[in-house]
Each structure stands twice: as C-alpha cells, then as structure tokens.
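Readers should treat all values here as calculations from the given coordinates under stated rules, not as data from a laboratory. From a predicted model like this one, the values you see are computed outputs, not experimental measurements. Cβ: placed from backbone, ideal geometry, glycine included. Neighbour counts: every protein chain shown.
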Amino acid sequence: MNQLPNALQFSHLLLKEAVSTGDQVIDGTIGNGNDTLLLAKLVGENGTVYGFDIQQQALQHTISLLEKNLSGLQNVQLYKKSHAEIDNVLDNNVRISAAIFNLGYLPGGDKSIITKSTSTLTALTTCLKKLQVGGLVVIVVYYGHPGGKKEEESVVDFCQNLPQKNFAVLNYSFVNQAHEPPFVLAIQKLK
Ligand SMILES: C[S@@+](CC[C@H](N)C(=O)[O-])C[C@H]1O[C@@H](n2cnc3c(N)ncnc32)[C@H](O)[C@@H]1O
C-alpha cells in the first residue's frame, strides 16, 4: 500500500469524490489557488467555482495559476472579500456540492493575516446551508501559528455540536506527528 495521504492530499481525494462536472462549489480561502484549480477542473466548463480571499495577492496568484493551467477562467468567480460575506454575495438559490477551507495564513505571504474563528464559523454556517444532501464541506486545519489554536478549538467545537442526524463529521489526523500537523475535518450533509 502507498503511504497514507497527508492532510492536503486527503482533502483533494474527498473533493474528487464529492464534485462532479456542472456542480457549483466554494473555495472559502483561495490563497495561492491550488484548491481553486482542482475545483475548476472538477466542475468543468458548465460548473462554477466561487472563490473568496481578503488579500489581493491571493487573487493575483490564483488568477495566474488558473491562466497557466486552464484554457479560460469562465467557470471561476473570484471575490476579494471575506468568506463571512458568502451569504451576501451569492444568490440565495446557489446550491453547492462542496466547499473547501484551508485555514491559517497565505504560504509565502504575510503570516499575520490569518483566518479567524468568527468569520470562519459564519462562512461554515452559510456553506452548510447551501450544501446539497450528500455534499461535503472540507476544512484543512492549520493551527501551529500564533492565533491558530483559538480558531482550531472553535472549529472543532462547531463540528462536534452539529446534530448527528443531519451531519456526519470526520476528523482525519496523524496522532503521532510532532509540530502540530494540519488535520482535515469533513462535514457531510445527511438530510
Ligand atoms: C492557508 S491559505 C489558503 C491556501 C489555499 N487554499 C491554496 O490552495 O493555496 C489561507 C488564506 O485564507 C485567507 N483568509 C484569511 N481570512 C480570510 C477571510 N476572512 N475570508 C477569506 N479568506 C481569508 C488568507 O488571506 C490566506 O490566503
């Protein structure tokens, strides 16, 4: 058997299972655009990726990654806005098969600009409202940076309190690794 996938690889495996061509999906933290690119490929020309980040640098990196790897950007809509605004920005009728959040700071960017629990929980609540039955909200939790632990505790608490009859929540983590390795929370809507 191959080595177990790391958190990032596992999050992509989950997205590949959850997303089909033509779907609408959300990238709540576009950063350098790696998740946005995967989602754009998965939804294809007839689907839509809605991407959010508060940093212009993230939008620039994402646009150049998409331009290098895709023939067009017509299926990706990027917003320089907090993911807390998702509910205000997207049409009420939008229903998603998946959303991804990579928490923490922009790799290669300003490490003091981090995701924070209040806006993260607002965004997760909106995504769960927009999620189709069977769909997934995937969260890659990085918490080794200053401020990260507080957000991690809030997000885990939020997930643990989701009603079992409506949601199944998975925690994928390596329990014997040093240095606070990232882990994945995946929330599936059951009904
Ligand atoms: C770990 S990075 C994301 C990595 C990205 N998914 C990738 O594939 O490269 C976290 C990103 O969250 C962004 N961020 C922080 N607060 C945010 C907020 N309230 N709304 C949206 N994005 C936010 C940061 O600017 C940063 O780019």
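Listing for the model above:
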{"item": "Average projection area in nm² (convex hull over Cα atoms of the chain, one quarter of hull surface)", "result": "11.1"}
{"item": "Helix-only [θ]222 nm of the chain, DSSP H runs n ≥ 4, -39500 (n - 2.57) each, per residue, nearest 500", "result": "-10500 deg cm²/dmol"}
{"item": "Gaussian network model of the chain, springs between alpha carbon atoms under 10 Å - residue of Asn34, Asn92, Asn75 with greatest fluctuation", "result": "Asn92"}
{"item": "Rounded to whole Å, sorted largest first: equivalent-ellipsoid semi-axes of the range 94-178, Cα gyration tensor", "result": "23, 16, 12"}
{"item": "Solution diffusion estimate, µm²/s, Stokes-Einstein, the range 41-86, Kirkwood Rh from C-alpha pairs, 10 °C, viscosity 1.306 mPa s", "result": "143"}
{"item": "Sequence-distant residues sharing a close amide H with Tyr50 (under 5 Å, placed H)", "result": "Val25, Ile26, Asp27, Gln77"}
{"item": "The range 1-58: chymotrypsin sites (Phe, Trp or Tyr not before Pro) in DSSP loop, at most 16 other beta carbons within 10 Å", "result": "none"}
{"item": "Among Val94, Val141, Val133, residue whose mean-square fluctuation peaks in a GNM of the chain (springs only between Cα atoms under 10 Å)", "result": "Val94"}
{"item": "Under-5 Å amide H pairs with Leu136, H placed in peptide plane, nonlocal only", "result": "Ala98, Ala99"}
{"item": "Hz values of 3J(HN,Hα) by residue in the range 28-33 - Karplus curve (6.51, -1.76, 1.60), Gly and Pro given as x", "result": "x, 8, 5, x, 8, x"}
{"item": "Built amide H within the under 5 Å cut-off of Gly22, gap 5+", "result": "Gly44, Asn46, Gly47"}
